[in-house]
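Written out below as structure tokens is the structure these notes cover.
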Amino acid sequence: MIKKKTYFANTDNEIKWYIVDANGKTLGRLAAQVAMVLRGKNQPTYTPYVDMGNRVVIINAEKVVVTGKKHDQERYYHHSGYPGGLKERTLKEMMQHQPEQVIHHAVRGMLPQNRLGRKLSKKLKVYRGPEHPHQAQQPKPLN
């Protein structure tokens, strides 16, 4: 009988930075790809409950594409904390005012809904234009 050992990934993985240009990419497909990289599923040492140390920088957030009638039908809600403080915006309004939040919200929805997911969502950096302050980390382009 052959004894198989279970692989346990180290929690001290090296940090890898990736950069994604959102220009002309579909929102859902982009979010799924970024969520997979943040989880570490693109590495052979993937372990579901471990932060694999990946960071993702998304540039040109205002140029992301949404298909169909989602510009008018998709709604984003937030609450001020006061009675009657529920605020509602359409995707069109969000893309005009906060396109970074649209991508961040989409990726956040594809991460686990627990402590690990909250930790991973902090490692996503989204910027409206082509400039970003992470040049020193030398991010690799994500294909």
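Numbers at a glance
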{"item": "Cβ-defined net charge surrounding I15, 11 Å radius [Lys, Arg +1; Asp, Glu -1]", "result": "0"}
{"item": "Gain in span if fully extended, E14 to M36, counting 0.36 nm per residue against the direct Cα distance", "result": "6.2 nm"}
{"item": "Percent of beta bridges antiparallel (DSSP, the stretch 11-131, rounded to nearest 5)", "result": "35"}
{"item": "Residue-averaged 222 nm ellipticity for the chain, from DSSP H runs of 4+ at -39500 (n - 2.57), nearest 500", "result": "-8000 deg cm²/dmol"}
{"item": "Inter-centroid distance (Cα atoms) of the stretch 62-126 relative to the stretch 1-22, Å", "result": "29"}
{"item": "P(r) histogram, all alpha-carbon pairs of the chain included - 10 Å bins from 0, percent", "result": "11, 36, 31, 15, 5, 2, 0"}
{"item": "Pairwise FRET efficiency - R118 versus K140, Cβ, R0 = 25 Å, nearest 0.05", "result": "0.50"}
{"item": "Karplus-derived 3J(HN,Hα), 6.51/-1.76/1.60, for each residue of the stretch 44-60, Hz, glycine and proline x", "result": "x, 9, 4, 10, x, 9, 10, 6, 7, x, 8, 10, 10, 10, 10, 10, 6"}
{"item": "For the stretch 73-139: rounded, prolate or oblate by the Cα gyration tensor [a/c cutoff 1.5]", "result": "oblate"}
{"item": "Residue pairs, from the table K41/K63; K70/K123; K25/K140, whose Cα atoms sit over 24 Å apart", "result": "K41/K63; K70/K123"}
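Each value in this text was obtained by applying a stated rule to the coordinates, not by laboratory testing. Quantities reported herein were computed from a predicted structural model and do not represent experimental measurements. Neighbour counts run over all protein chains shown; Cβ positions are idealised from the backbone, glycine included.
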